[in-house]
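Engineer: Here's a structure for you.
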Amino acid sequence: MNKHFGYKTFKTGQKEVISSLLGGNHTIAMLPTGTGKSLCYQLPAYCLDGQILIISPLLSLMQDQVEQLMKFGEKRVIALNSFLDAEKRGYVLRNLKQYKYIFVSPEMLSMPIIMKKLQALTVSLFVVDEAHCISQWGYDFRPEYSKLGDYRKQLGNPLTLALTATATKKVREDIIQSLDLQKFTKIESTIDRPNIAFYIEEVTNYYDKQSRLIELVRKLQKPGIIYFSSKKIAEQMASLLADKGITRAMAYHGGLDQEQRILIQQQFIHGQLDIICATSAFGMGVNKENIRFIVHYHMPMQIESYLQEIGRAGRDGEDSVAILLYARGDDQLPIQLAEGELPSEQQIDWLFSYFPKEEILIDHFLDMNQHLREDGGFSEVQWRIIQDFIKKSLKFTNLEQAKQRLKDFVNARLKVKKDNIHYLKKWIESKSCRRELILNYFEDELVLEKIQNCCDVCGIQLEQYQAAEDFHSHPDNAKMWKDYLANILLNRELR
Amino acid sequence: MSNIKNILLYCLKQLNGERTIYSIYHLLNGKKSSQTLQDAHLFSLKRYFRILEPLTRDAFDEIFNHLLEKKLVEACGEQRFLLTSAGEDYLLNHAQPYYVNGWRYQPFTLIVWERLSLLVQVTSNFTFQETKYIPIQKNVEVHNWLKGFLKSTSVPKAELGKSLFFELVQILEHARDVNPEVLIFRLTGYKQIGRTSSQIAKELELDSIQYHLEFINAIHCLLHFVESEPARFKVLSSLFTNLDHKDTLTLSARKTLVLLNQGFTTEEIAGIRNLKISTIEDHLVEFALNVKDFSINSFVDEEIQLMILGISRQESTRQLKVIRNHIKTASYFQIRLVLAKYGDRQWN
């Protein structure tokens with residue numbers, strides 16, 4: 001294992017998942033963030049003949065996993081997604097057998113030609129990554145994920161591993177049902193990360209929040225991540241922190257070009273930055289062990305993503321703290337964001353008024369009339385929801401009925417999202433142990449032993465997460481361009 | 001240090017009030033229209049073609065308004081401007097970026113940068129015998145190029161770091177008016193991640209567009225040195241291999257060229273492609289500008305060609321209308337074609 005992946009020991013749950021799979025059992029595994037889920041299919045691959053098929057919802061996630069495998073010298077890896085140009089795709093599809101790990105997006109799986117090629121292989125392990133995306137109840141529901149059960153059948157019901165991040169019982173049941181797993185082993189390691197303390201701090205208003213953040217950043221031991229719900233505020237805060245000379249901080253969000261994103265992420269991993277002011281776009285592929293704190297400047301959308309984000313702290317097992325700054329009325333922003341992700345009733349009415357009354361293929365109509373997207377002010381996410389819905393419901397002959405169903409669907413999604421926000425708000429305002437409430441929510445077993453640094457309700461001192469002395473950034477050692485170049489290319493200082 | 005105001009002034013001087021200021025914007029932005037490509041030739045502004053792709057119209061307006069406020073330019077028609085004597089003075093006292101050559105280098109500036117960036121990272125990790133690291137460049141074509149380079153290079157692996165270092169230093173120490181920091185600090189090596197463009201811009205107190213210009217100038221400087229003495233820069237000259245030049249024609253023009261080479265006439269091509277004849281004519285003008293050995297003789301009699309050139313020189317103008325008034329037998333298309341093919345040469 002060390003040879004192939006550079007690890008010496010297993011982390012929580014990994015060993016159990018791997019033994020279960022090697023015993024030939026379908027396995028559903030819920031492992032806490034940051035415990036190396038990918039090892040769970042990488043290691044068995046060495047004992048299984050045939051191909052490992054990994055279904056992954058996000059292109060960037062896929063790309064990251066491919067890179068991690070390649071980093072350790074594994075060359076038999078391919079990602080079948082829209083990045084692959086036509087020429088290369090032809091070659092890859094003709095030579096699919098030579099790959100061991102095949103990553104594929106659900107969209108690709110829905111293409112008959114791809115499915116035919118895959119059916120010609122011996123898929124020895126069918127891995128569903130981020131399996132919580134299957135469930136309507138999940139915060140990250142992806143309609144295209146709901147067909148995975150069918151695809152699995154078409155491939156002859158191969159041995160299956162469903163990997164999921166923190167998910168409620170309802171979501172886990174959905175996964176099992178959707179994949180149609182008759183008999184399976186469930187491995188659910190606790191979601192608790194005892195070395196991360198919860199700390200919620202109420203501030204009176206926006207200005208207090210900003211000054212409190214600066215104070216925290218000054219004092220806390222670094223490195224750390226501050227999460228924001230807005231790109232603009234993440235940028236502003238990073239500039240503020242850097243310009244005032246408080247710390248080496250940069251903003252990271254989806255609006256930056258790829259080169260900048262990679263550089264900033266790598267600078268952070270290599271200790272050239274102390275703080276990242278991030279949106280939720282930051283985190284994937286950030287395998288950094290020593291992150292000491294996570295601050296949430298805005299209220300998150302749901303407890304699942306919150307846990308995922310704070311789970312990036314303390315992977316080295318050392319004490320770390322998750323701080324959430326909360327001001328009254330903070331729940332307005334996530335509600336607005338949730339509403340913005342879904343098309344409104346007015347938008348739906350407007351769109352349907354353009355649909356032809358005769359019985360024709362509506363999805364074709366949509367493809368032909370892309371301008372409707374702009375005219376109706378649909379965001380990319382909103383438009384995708386509409387397209388997915390239309391594609392799934394070609395059989396409608398009654399437009400009114402279709403419209404109503406779409407509205408019902410949107411309302412149901414909105415309700416799930418609002419409930420999540422509401423629950424988070426209750427959690428913030430509650431006066432009981434933060435950890436206990438979260439574990440209850442996921443129906444996890446309670447740890448009998450009381451954790452020493454648990455949460456602000458149980459009582460912790462923020463002082464103990466402070467840096468030993470005033471933190472001074474190390475200046476970059478090479479100020480002159482020639483020295484800099486010599487340092488990286490010559491393996492010695494140029495005199 | 002050169003600056004963008006100065007480039008604008010230079011362009012305005014070259015245009016001599018014969019085009020609107022937005023033709024400069026399109027030029028710097030690299031708009032792939034026949035008009036812009038042609039202007040770049042006619043007014044000898046090819047080296048500034050496409051060098052400021054990220055420039056927004058608002059930013060352009062802002063810089064231009066600054067020139068107006070400082071009374072460096074004055075209006076001579078709607079959206080047309082000439083330099084004032086203060087503008088002429090300013091132009092004389094400020095250098096143009098020395099190496100920038102948009103027409104020649106811009107089609108592959110980005111790919112050369114990506115190659116250099118990956119080459120330095122890989123070489124650095126070789127030097128420190130590290131095999132596990134995340135490549136900073138993701139472009140698959142760049143990765144394939146690097147694999148090819150490592151297989152074919154005559155420089156021993158152990159020497160690669162040294163060679164690359166000395167070649168870069170050779171160029172950057174002898175370069176005129178180039179700040180090596182804009183380029184070198186962006187490079188990533190063993191346990192040293194490069195800075196982002198915005199980080200360097202901030203450190204050097206440059207705005208982003210000014211930084212972009214400096215960066216382009218530095219890359220073009222490398223290309224300039226390597227191109228003139230490839231044997232001296234064994235490692236860096238590999239950055240040039242297998243570069244695609246097809247980029248200089250618009251996509252649509254390329255399709256027209258295929259048909260033209262098959263022997264179809266302008267009218268026939270317009271019919272086949274379901275385009276207006278004037279569009280096909282735009283393409284022909286592009287070929288006159290870009291396609292080596294493209295003959296215009298079948299579209300304009302040689303006699304008329306000479307007349308057009310004569311008038312253009314005599315009246316010192318590239319304005320079609322003026323020329324047309326003198327030679328009624330020539331069409332506007334023919335005048336454009338002749339100016340595209342020979343106008344540039346005659347004037348320099």
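Read-outs throughout are calculated quantities, based only on the coordinates presented, and are distinct from any laboratory measurement. As the structure is a prediction and not an experimental result, all values here were calculated from the model. Because the Cβ atoms are built from the backbone with ideal geometry, glycine has one as well, and the counts that use them run over all protein chains shown.
Engineer: What order do you get for A:Met115, A:Met299, A:Met284 when you list them from fewest to most C-beta neighbours inside 10 Å?
Structural biologist: Ranking A:Met115, A:Met299, A:Met284 by Cβ neighbours within 10 Å, fewest first, gives A:Met284, A:Met115, A:Met299.
Engineer: Same structure, new question: Dipole of the protein assembly as shown (Lys/Arg Cβ +1, Asp/Glu Cβ -1, origin at the Cα centre): which of A:Phe184, A:Val217, B:Ala270 lies farthest to the positive side?
Structural biologist: A:Phe184
Engineer: Moving on. Shielding of B:199-212 by partners, i.e. mean partner chain Cβ atoms within 10 Å per residue?
Structural biologist: Taking the mean over all residues of the peptide, I get 1.
Engineer: Further question on the same structure: Using only the alpha-carbon atoms, what does the range B:14-112 span along each of its principal axes? Please give whole angstrom values in decreasing order.
Structural biologist: In descending order, the Cα extents are 40, 28, 26 Å.
Engineer: Going down the table (A:Lys482/B:Lys70; A:Lys71/A:Lys482; A:Lys209/A:Lys231; A:Lys170/A:Lys415; A:Lys231/A:Lys425), which pairs top 27 Å between alpha carbons?
Structural biologist: Beyond 27 Å: A:Lys482/B:Lys70; A:Lys71/A:Lys482.
Engineer: While we're here: Apply the Karplus curve 6.51 cos²θ - 1.76 cosθ + 1.60, θ = phi - 60°, to the phi angles in the range A:203-213 and return the couplings in whole Hz, x for Gly and Pro.
Structural biologist: 10, 7, 7, 4, 5, 4, 4, 5, 5, 5, 4
Engineer: Here's another thing I want to ask about it. How much FRET efficiency would the formula 1/(1 + (r/R0)^6) give for A:Leu490 and B:Asp207, where r is the Cβ-Cβ distance and R0 is 35 Å, rounded to 0.05?
Structural biologist: Efficiency for this residue pair is about 0.55.
Engineer: What does the C-alpha gyration tensor say about the overall shape of the range B:247-347? Classify as rounded when a/c is under 1.5, otherwise prolate if a/b is larger than b/c, or oblate.
Structural biologist: It is prolate, given that a/c is not under 1.5 and a/b is the larger ratio.
Engineer: A further question on this structure: Across the residues of B:186-194, average count of Cβ atoms on other protein chains within 10 Å?
Structural biologist: Across B:186-194, the average partner-chain Cβ count within 10 Å equals 6.
Engineer: Working from the pairwise distances between different alpha carbons, so that the mean of 1/r is found and then inverted, what is chain A's Kirkwood radius in Å?
Structural biologist: Evaluated over chain A, this radius sits at 24.9 Å.
Engineer: Report, in whole Å, the centroid distance computed from the Cα atoms of the range B:2-62 and the range B:296-345.
Structural biologist: Taking the Cα centre of the range B:296-345 as reference, the centre of the range B:2-62 is 23 Å away.
Engineer: Same structure, new question: Evaluate peptide A:265-272: per residue, the Cβ atoms of other protein chains within 10 Å of its Cβ; return the mean as an integer.
Structural biologist: 4
Engineer: With +1 on each Lys and Arg Cβ and -1 on each Asp and Glu Cβ, and nothing else charged, work out how big the dipole of the protein assembly as shown is about its Cα centre, in Debye to the nearest 20.
Structural biologist: Rounded to the nearest 20 debye, it is 1860 debye.
Engineer: Can you run phi through the Karplus equation (6.51, -1.76, 1.60; θ = phi - 60°) for the range A:377-388 and list ³J(HN,Hα) in whole Hz, with x for Gly and Pro?
Structural biologist: x, 7, 7, 4, 5, 4, 5, 5, 4, 4, 4, 4
Engineer: Please list the non-local residues whose amide H lies under 5 Å from the amide H of B:Thr84, H modeled 1.01 Å from N, same-chain partners needing a gap of 5 or more.
Structural biologist: B:Val73, B:Glu74
Engineer: Of A:Tyr145, B:Ser34, A:Val203, whose Cα points farthest to the positive end of the dipole of the protein assembly as shown (charges on the beta-carbon: +1 Lys, Arg; -1 Asp, Glu; origin at the Cα centre)?
Structural biologist: A:Tyr145
Engineer: May I pose another question? What FRET efficiency comes out for the pair A:Ile113/B:Asp293, r = Cβ-Cβ distance, R0 = 41 Å, nearest 0.05?
Structural biologist: Result of the calculation: an efficiency of 0.40.
Engineer: What's the magnitude of the charge dipole for the range A:6-99 around its Cα centre, counting Lys and Arg as +1 and Asp and Glu as -1 at the beta-carbon? Answer in Debye, nearest 20.
Structural biologist: 160
Engineer: Quick query: amide H of B:Gly189 versus all other amide H atoms, modeled in the peptide plane; which residues come in under 5 Å with a sequence gap of 5 or more or a different chain?
Structural biologist: Here the answer is B:Gly194, since their amide H atoms fall under 5 Å of that of B:Gly189.
Engineer: How about A:Lys403: which aspartates and glutamates have a C-alpha closer than 17 Å to its C-alpha, ignoring those fewer than 8 places off in the same chain?
Structural biologist: Within the straight-line limit of under 17 Å, A:Lys403 reaches these aspartates and glutamates: A:Glu345, A:Asp349, A:Glu358, A:Glu359, A:Asp363, A:Asp388.
Engineer: Give me the distance between the Cα centres of the range A:230-267 and the range B:190-218, rounded to whole Å.
Structural biologist: A separation of 15 Å, based on Cα centres.
Engineer: Give, as ranges by residue number, the residues of the range A:56-90 whose backbone N falls under 11 Å from the point 7 Å along Cα→Cβ of B:Thr131.
Structural biologist: In the range A:56-90, the label zone of B:Thr131 (backbone N under 11 Å from the point 7 Å along Cα→Cβ) covers A:72-74.
Engineer: Please report, largest first and rounded to whole Å, the three semi-axes of the ellipsoid equivalent to the protein assembly as shown, where each semi-axis is the square root of five times an eigenvalue of the C-alpha gyration tensor.
Structural biologist: Three semi-axes, in Å: 53, 35, 30.
Engineer: Counting only other residues whose beta carbon sits under 10 Å from that of A:Asp140, what net charge do I get with K and R as +1, D and E as -1?
Structural biologist: Local net charge: -1.
Engineer: Nearest 20 debye, what's the magnitude of the dipole of the range A:2-188 about its Cα centre given +1 on Lys and Arg Cβ and -1 on Asp and Glu Cβ?
Structural biologist: 500
Engineer: Under the Karplus relation 6.51 cos²θ - 1.76 cosθ + 1.60, θ = phi - 60°, what is the ordered set of whole-Hz ³J(HN,Hα) values for the range A:191-202, x standing for Gly and Pro?
Structural biologist: In residue order, the calculated couplings are 7, 6, 10, x, 7, 9, 8, 8, 9, 9, 10, 8 Hz.
Engineer: Put +1 on the Cβ of each Lys and Arg and -1 on the Cβ of each Asp and Glu in the protein assembly as shown; which of A:Ser353, B:Val182, B:Leu8 then has its Cα farthest toward the positive end of the dipole?
Structural biologist: With unit charges placed on the Cβ atoms, the residue in question is B:Val182.
Engineer: Would you mind checking which residues have amide H under 5 Å from A:Gln466's amide H? H placed 1.01 Å from N; only 5 or more apart, or other chain.
Structural biologist: Close amide H contacts, sequence-distant or interchain: A:Gln221.
Engineer: So which lysines pass the test for B:Lys321, namely a Cα distance under 25 Å, with those fewer than 8 places away in the same chain ruled out?
Structural biologist: Leaving aside lysines fewer than 8 places away in the same chain, those within reach of B:Lys321 are B:Lys13, B:Lys31, B:Lys32, B:Lys46, B:Lys276, B:Lys341.
Engineer: Compute the distance in nm between two label points, each set 7 Å from the Cα along the Cα-to-Cβ direction, one at A:Gln98 and one at B:Leu110.
Structural biologist: It works out to 3.0 nm between the two label points.
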